[in-house]
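Asker: First the structure, which I've put down as structure tokens, then a few questions once you've had a look.
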Amino acid sequence: MRRFMIMTAGAAGGALLLAACGGGGGGDVKGAGTAAVSAPAIGATSTPDLGGGGRRTAPRKTTAPPGAATLGPLGYGALRLGMKAARLRGSGLLVGKVRGRAGGCDGYDLRTHRTPKGSAGVYYSARLGITTIFAVGGMRTPQGIGVGSTLAQVKHAYPRLATGVNGSSAPVPGNPHAVYSLLLKDGRVTSLALDLAGQNCHN
């Protein structure tokens, strides 16, 4: 696997699928229960340092950013969809997890919400910046939807929900450039992500 350095705005990023789950869903759930991490499993090693600590193994004590409990409409706390490397370096927001193949996407964790080995909570594309933020640590949308919500609750919150065999999606109220991607099993949400429309990191 050829390693590459992440580039800032204007760099071309390939459409490499790191976790193919189809239909705009959030990826496969790794771990247990609805309170577990909903990020997809991906396989690679060491990412570029965008968040001031990609090689650090132990989390440092931080205060959750204002509004951190809400996923959407623009991002999660201080982390916003579309953020590029220049704004992320030294921010302390992200911890590197996995490096994508050349031209692909890298996986990170929020420093305040770590995911198990082989998973990632945030995707970064050289072309688009932050493309995906997965609901981890009990995150919910402004409409109250999170991992564990019922299909009926999702439909009530998002009447324009589009369901599919491999995943479902809904427009994000207040952000026409984003979508919520969901996986459901037995009538409940097992994975939820805030995606930049047109993201090229997962399917």
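Laboratory data are not the source of any read-out in this text; all were calculated from the coordinates shown. Source: prediction; values computed, not measured.
Asker: In Å, the Kirkwood hydrodynamic radius of the range 125-168 over pairs of distinct alpha carbons?
Answerer: 12.3 Å
Asker: What number in nm² do you get for the range 65-196 if you take the convex hull of its Cα atoms and divide its surface by four?
Answerer: Approximately 8.1 nm², given one-decimal rounding.
Asker: Thr163 to Asp186: extension gain in nm, 0.36 nm per residue of separation minus the Cα-Cα distance?
Answerer: Extra length available between Thr163 and Asp186 comes to 6.9 nm.
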